[in-house]
1. What number of residues within the range 37-62 satisfy the criterion of being farther than 15 Å from CYS220 by Cα, modelled with pLDDT of 85 or more, of a type outside the set (A, V, I, L, M) and surrounded by fewer than 16 Cβ atoms within 10 Å (Cβ to Cβ)?
2. Right, LYS318: touching an Asp or Glu at 6+ places or on another chain (Cβ under 7 Å) and at pLDDT 95 or above or not?
3. For the range 68-85, give me the residue count where each residue is crowded, with 16+ Cβ neighbours inside 10 Å, out of contact with any Pro (no Cβ under 6 Å at 6 or more places or on another chain) and within 23 Å of PRO143 (Cβ to Cβ).
4. Kindly indicate which of ALA378, ALA346 is buried (at least 16 other Cβ atoms within 10 Å of the Cβ) and without any contact (Cβ under 8 Å) to a residue 24 or more places away in the chain.
5. How many residues does the range 222-261 contain that are of a type in the set (Asp, Glu), in contact with a Lys or Arg (Cβ under 8 Å, 6 or more places away or on another chain) and either assigned to a strand (DSSP E or B) or at pLDDT 95 or above (or both)?
6. What residue, among those in the range 352-403 that are farther than 30 Å from LEU342 by Cβ and β-branched (Val, Ile, Thr), is farthest from the chain's Cα centre (by Cα)?
7. Would you check which residues across the range 262-299 are farther than 27 Å from PRO125 by Cβ and modelled with pLDDT under 95 and list them?
Amino acid sequence: MREVQSSDSHVCSFLQRLSRKRQEKVGEPSKKISGLRSFPLRQWDLFMQDPGVFALCNMGVDDVLLEPDAPYFLFRNGIWDREASSIRELSPKVVVLSLEHALNSSYRSFLQHRMTVVTEEENDPFVLLNGASCSNGLFIYVPPGEKVLLPLQFLFMQTDDSAFCVFSRVHIFVGADAEVQILSSVEGGGVYNGYMDLVLEERSFVSYVSYPGHVEKKFCFSAMRASLKKESYLQGFFFPDGEVAHRESCRIALQGERGQVELYGLGVLSGTRQSHADLFVEHKAPFCRSQQLWKNALFDRSKAQFCGEIYVHPIAQKTEAYQMSRSLLLSDHASATTKPNLEIFADDVKASHGATISQLDEDQKLYLRSRGIAVDQATALLLRGFCQEIWDKLPRISLVHRCQMQYRKWVSL
């Protein structure tokens, strides 16, 4: 593994200039932007003016690490801590550079082009805020044919209350026929604004999981941008856990034939927590397949919003595209909104979208109660079954255990 020591005081001025220029066109976060119409912008503004007291992460790496024997990249308050990370287990062929050094290396041309393309297409003001504010980040290159056997773990820990709003940025380039698993977790603090950019070359495979942390942040903004070439395959799993609001923004471009993307989300929310998902999958080549499945179980006065769009270009014949949003209301005061959208300009396409907002089935509860199961237990069993569909798709049993622990925490089982 080749790595370059970085100086976190450097600023990625190229990215900042791009983002600020685009910010001028997009504007500040407002209700005029469709994906933000239900987002608690007033609470966000008030928090930014006076963050008050919020939880910080005072745990050690061993306490939050999911796979102890796998390599991990530790970010403290948004900055990659090279010395505290453990990347010895990585193959020497895998390139690890700070974003600043990558922009001054042989990868400069590719990275600048990629940043320019995605930034000029960006319409999310919180993503642009990340680019305009990020002081440094991480670049990883997985060479063609490289099978990374152990998952790459990214730990984002907020430990300083003076940095109540932190920004992290990771760019990963996966070469042809390469494979990699990515695990990501955010621990504590006020506001977390993270950005993950993935480029998948031909026949490559990436599994990405953003799993719940132990210590909550007030607001969480998480963005994924990805482009997939011929026969590449991307899986993404997301588990929102912000204390006030969590916003997940995904924009995926299927650029080569027979590319595949699957996006799964599961939120179990209580109190007044909010989950906001904004997904956009663009089919730019024929014979591609996409699937979106997003679920929310809502207690108390919690809220969930799902905005999903599938865009099929005229050239993208033989497309298969599926989208489903399901929300379970477990309180009279919980609420959910969904906005599915299909834009299809090709003739030979299989596509569908659907949305359900419902309560637990009373007949199923009655059936369980008639077998001697208490009301609370019956509710818990049915809710577990609702979540199990997502858990069963996770690539590692350690992830299933972590998500089930979070589930028990919220529903007090």
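The values are calculated or read from the model by the stated rules, or taken from the named source; none is laboratory data. What you are looking at is a predicted structure, and each value in this text was computed from that prediction instead of being measured. Glycine gets a Cβ as well: all are built from the backbone with ideal geometry, and neighbour counts include every protein chain shown.
1. So the answer is 6.
2. Working: touching an Asp or Glu at 6+ places or on another chain (Cβ under 7 Å): yes; at pLDDT 95 or above: yes.
Considered against the rule, which asks whether it is touching an Asp or Glu at 6+ places or on another chain (Cβ under 7 Å) and at pLDDT 95 or above, LYS318 comes out as yes.
3. The qualifying residues number 6.
4. Result of the check over ALA378, ALA346: ALA378.
5. 2
6. ILE373
7. Answer for the range 262-299, where residues must be farther than 27 Å from PRO125 by Cβ and modelled with pLDDT under 95: VAL268, SER270, ALA297, PHE299.
Each row is one residue, and each column tells you yes or no for (1) surrounded by fewer than 23 Cβ atoms within 10 Å (Cβ to Cβ); (2) closer than 15 Å to LEU234 by Cα; (3) at pLDDT 95 or above; (4) not acidic (Asp, Glu).
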{"position": "MET157", "(1), (2), (3), (4)": "no, no, no, yes"}
{"position": "CYS165", "(1), (2), (3), (4)": "yes, no, no, yes"}
{"position": "ASP177", "(1), (2), (3), (4)": "yes, yes, yes, no"}
{"position": "GLY189", "(1), (2), (3), (4)": "no, no, no, yes"}
{"position": "LEU200", "(1), (2), (3), (4)": "no, yes, yes, yes"}
{"position": "VAL206", "(1), (2), (3), (4)": "no, yes, yes, yes"}
